[in-house]
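Only one structure is covered here, and it is reproduced in the block below.
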Amino acid sequence: MEQALQPAAAGTTTTSVRDATFDVMRRHGLTRIFGNPGSTEVPFLTDLPSDIEFVMALHEGSVVGMATGYALATGEPVFVNLHTAPGLGNAINAIANARDSHAPLVIVVGQQDRKQLPLSPFLSGRALERVAGEYPVWSNMPARPQDVPGAIARAYHEAKAAGGPALVVVPMGDWQEPFDASPAGAPVTVVRPAAVSSEQLDPLVELLADAESPAIVIGAGTDTREGWDGAVALAERLGCPVWHEPFSARSGFPEDHPQFAGHLDWHRRAMRATLEPYDTVLVLGTKAFQLYILDEDAPPVRPGTRVALITANAEEAHSSACELAVVGPVAAICAALAERVPQRVGSAVTPMSRPPAPSPPAAGEPLQSSHVLALLAERLEADAILMEEAPSARPEMLERIPTRMPLGFVSNANGGLGFGLSGAIGLRMGQPNRPVVAVVGDGSAMFGIQALWSAARYNVGVLLIVMANGSYGVMDAQAHARGGEAPWPGFPGLDITGISRALGCPATRVETYEELRNTLGEALDGLRERTQPLLVEVAISC
């Protein structure tokens, strides 16, 4: 439910659509623009007011990736500026990831002048408000120039309400048009109640009260302090194990809690085997269930298992096979349930076990990803933010490194590569007092390597660890699993360190265990105070 407290004031002192838009941006805290400039954006960007900052990246995927990390770090919508059809096209995968990450973005896309559009001029985009498909939570090209400020204000509210990117297309000639008081605006403030009535939860309370052996499957939707507190209170009340969904982009539960049981395997039969002992599965902050390649016909739970779902996202509810879905504020619902469901006693929960650190490689033996991950598990501070985009290393990373604070783990939400470097940079910009470490594969790094320039240019003190095995390891493994050979070559000669230095980002390459331990130890010790990025390329075995 939304309540408009008062209509947006039609400013009497603004003289142009551009000036009125700046007023809207200030009102909503959108004073940092992430972008890469193009000719259709120059009328908007030239001579920005002193209180509006422009943060540049060298590719639109990096632009949106950095903004996504920043939005996740701050919890507030972030302003993004993209260059007509080419810029929007370059950014679509990053926009898809922003939607799946529930990152609120206000994306303004340039367009040629309205007067020229019937002639299809150079650099005009066709139906730009539809180019990104359904990935934006809301898209609009204002009917008139005077409607632009109100459309951007609405985009802010839509992005915040839906937790995703909202998109507005603005023709370049609109900015200098005179603003008037007649267009529809948007509320200055929107109130979204976060409470839930007790009687609305009766069906869920009854379902959980009837459960003999419940389990919780957790997702990214509880990754806030309130979400963690609510999920912990409910899990302790139910006395049940908590499993993390596969492929989750964030951790919705403290992974050092004794009721945290581990991470579900994405294979359907393995997931079903894990959930087999439970007659009721409660899914929190995600859909039921996150699946992947359909190489098995087995359903993820056995017949007769009751599945219930709590999510703030209606789309997640509608894409779930469950008996009961409750759409609302997840943290508040968990807290209310924890007070109403019966306290279960005597339930045995086996906490997740962590593997021991591997022995250092013998003389002449190569480094393994386990050596890097074990050192991180040993030295990473509790409040650090760990960004993952190393598909080959992810399973072991989740085994070795527990997430101990909200926003402690972030990953790519839609599976498309390119978010690791840029997202980590945005996270550190939005949370400058927390250490940020990214672990990225060398193949993944090349999907967003341009972000390193921005890290150096804006003095972002992030540690970027690139696992260099010279191959697409996951894809190679899938080809071999099908009994065949991959037709694509490896890339063992790729010089990530050299590319990083060429982009102005300090970098070093390590090939021995001693070099690894010394380099990571020194970097992690001073990471909180670091004001320059550092990329560490680690040569590991395939």
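The values are calculated or read from the model by the stated rules, or taken from the named source; none is laboratory data. Predicted model, so just to flag it, every value in this text is computed and none were measured. Note that each Cβ is placed from the backbone with ideal geometry, even for glycine, and that neighbours are counted across all protein chains shown.
Of all residues assigned to segment 347-363, none qualifies as being under 28 Å from Glu236 (Cα atoms), assigned by TED's automatic domain parsing to the domain that holds Val205, in contact with a Gly (Cβ under 6 Å, 6 or more places away or on another chain) and surrounded by fewer than 20 Cβ atoms within 10 Å (Cβ to Cβ). Checking each residue in segment 194-227 for being of a type in the set (D, E, K, R) and either surrounded by fewer than 21 Cβ atoms within 10 Å (Cβ to Cβ) or touching a His at 6+ places or on another chain (Cβ under 8 Å) (or both) picks out Glu199, Asp202, Glu206, Asp210, Glu212, Arg225, Glu226.
Restricting attention to segment 23-59, the residues being of a type in the set (Phe, Trp, Tyr) and crowded, with 17+ Cβ neighbours inside 10 Å number 2. Would you confirm whether any residue within segment 385-395 is more than 30 Å from Leu421 (Cβ to Cβ), of a type outside the set (Ser, Thr, Tyr) and free of Cβ contacts under 8 Å to residues at least 24 places away in the same chain? No. Annotation note: Cβ proximity below 8 Å between a residue of segment 360-373 that is of a type in the set (A, V, I, L, M, F, W, C) and a residue that is in a helix (DSSP H, G or I) (sequence gap 6+ or interchain) occurs for Leu367/Tyr513; Leu367/Leu516; Val372/Leu516; Val372/Leu520; Leu373/Glu396; Leu373/Met397; Leu373/Arg400.
Scanning for something crowded, with 23+ Cβ neighbours inside 10 Å, assigned to a helix (DSSP H, G or I), at pLDDT 95 or above and of a type outside the set (A, V, I, L, M, F, W, C), does segment 395-416 turn up at least one residue? No, that holds for no residue.
Against the condition more than 14 Å from Gly69 (Cα to Cα), out of contact with any Pro (no Cβ under 7 Å at 6 or more places or on another chain) and crowded, with 23+ Cβ neighbours inside 10 Å, how does Ser500 come out, does it pass? Considered against the rule, which asks whether it is more than 14 Å from Gly69 (Cα to Cα), out of contact with any Pro (no Cβ under 7 Å at 6 or more places or on another chain) and crowded, with 23+ Cβ neighbours inside 10 Å, Ser500 comes out as yes. For the structure I just gave you, tell me whether Val436 is hydrophobic (A, V, I, L, M, F, W, C) and surrounded by 22 or more Cβ atoms within 10 Å (Cβ to Cβ). Yes: the conditions hold for Val436.
Just to be sure before I move on: is Val460 within 16 Å of Leu534 (Cβ to Cβ), in contact (Cβ under 8 Å) with a residue 40 or more places away in the chain and not acidic (Asp, Glu) in the structure I sent? Break it down into steps so the answer makes sense when it comes.
Values: within 16 Å of Leu534 (Cβ to Cβ): yes; in contact (Cβ under 8 Å) with a residue 40 or more places away in the chain: yes; not acidic (Asp, Glu): yes.
Criteria met by Val460.
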